[in-house]
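First the structure, in the form of structure tokens, and then the observations on it.
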Amino acid sequence: MVAEIARRRVGMALLVASWGIAGIAALACSAAKEPVESANAGPITREGDAGSDVASACAQGDNSPPLDLACTGLYADMAAKRLAPQVRSYAPGVTLWTDGAAKQRFVYLPGPIDAKDPGAWIFPVGTRFWKEFALGGRRVETRFLWKYGPTSWATATYVWSADGTSARRDDDGSFPPDLAPYEIPSSKACEQCHRGAVDHVMGFEAVGLALPGATGLDLATLDREHLLAPAVPSPVPIDASPAALAALGWLHANCGNTCHNGSPNATGRLTGMRLRLSPTGGGSLEDTDVYKTAVGRPATTPRYAGALRIAPGSPESSLVVQLATLRGQGQMPPIGSHVVDESGAALLRTWIGELSGAPDAGAPADASSVDDAGDGGDGGR
């Protein structure tokens, strides 16, 4: 009975989101016996021996995610996997490939998103994201992002027990022996991609949430519920073939949102190749940054000298296809995958095969003709 009370109180955490993570812990374990001092929400108290594990798991410092997923505010009922009242599910219309894992995505927004720049949303302090990964119907990991300050995020990965009843934080990453070659990334590895987003979040953005197939808290729902300030109109459609649109969407989700964009910290910025779609773009295929910086353009990295990023009409000669179908040194994306996305590669091949009349490949695109500067360098392709 005592343990059940503790679990229910954990699920109430989002109702007091302004308390922060330590506040969640205090709420989860508030029927007092033995007080434990907390950094930012007064004393955390334990419910005797039965509640001590929950209390110790939740008792973290100001900026450190708790040790137990139950303390993050995702679930109102951990055993039943019932979401807390203010947690919303969502899925973008195009998704990042993660070696065949099925994913569920959840978000808590304590207020409107600053969307003055439609392509670089700034999330309110207190925002939380969760992404759950499952293989063969078994929950494997849940990744957690928490914005605890105006420019500060905490990240954590929680690994599920084999019976699916609990998930504990694991900062080091691992290769579960029974799920090979699937990799649970370390917290440090996660940062390699998330640093490419202006405010740390990938996948919850205007283009992905407006594309066909987006579900849950999509762009239209955010607008209807006044969760974007100002409102963001639906991205201008690109006048292109279905094959082109499918390939552009794959590149946007798997390459552009993470590394190949103009964010100052994006890993692939210095290559000058831009694979992220702009919510204010639209027009023809030739107007997109993808076309202007990749189609018929030579690689800038010395090891790929002479290769075209995208060779019109020749998928197998295109560096983008070669690296997307490679696993090992030089693969793209460089981390987070050990299995080729054959469906995604097929989208690239189909589109590239229908391309013709590409721009002169003698020089990289003028940086002034894309959404930001930064051509050159050797940071990727």
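Quick notes on this one:
- Close pairs (7 angstrom Cβ cut-off, 6 or more residues apart or separate chains): closer than 14 Å to C259 by Cβ in the range 313-339, small (G, A, S) anywhere: V320/A294; L323/G330; A324/G344; A324/A345; M332/A324; I335/A189
- Residue check, G119 in contact with a Pro (Cβ under 6 Å, 6 or more places away or on another chain) and closer than 15 Å to M202 by Cα: yes
- Selection count, the range 141-161, where residues are more than 15 Å from A197 (Cβ to Cβ), under 17 Å from the mean Cα position of the chain (by Cα) and β-branched (V, I, T): 2
- Given (1) assigned to a loop (DSSP other than H, G, I, E, B); (2) among the charged types (D, E, K, R); (3) crowded, with 16+ Cβ neighbours inside 10 Å, index of the condition K147 fails: (1)
- Among (1) modelled with pLDDT of 95 or more; (2) closer than 21 Å to R224 by Cβ; (3) surrounded by 15 or more Cβ atoms within 10 Å (Cβ to Cβ); (4) not basic (K, R), the one test that P118 misses: (1)
- Test: residue in the range 254-265 that is of a type in the set (S, T, N, Q), part of a loop (DSSP other than H, G, I, E, B), under 30 Å from L69 (Cα atoms) and within 14 Å of the chain's Cα centre (by Cα): yes
- Residues satisfying the stated conditions in the range 269-302, i.e. closer than 13 Å to L319 by Cβ and part of a loop (DSSP other than H, G, I, E, B): M273, L275, G296, R297, A299, T300, T301
- Counted residues, the range 163-221 - those being part of a loop (DSSP other than H, G, I, E, B) and at positive phi: 5
The values are calculated or read from the model by the stated rules, or taken from the named source; none is laboratory data. Just so it is clear, the model here is predicted, and its values are computed rather than measured. When we count neighbours, we look across all protein chains shown, and the Cβ atoms used for this are built from the backbone with ideal geometry, even at glycine.
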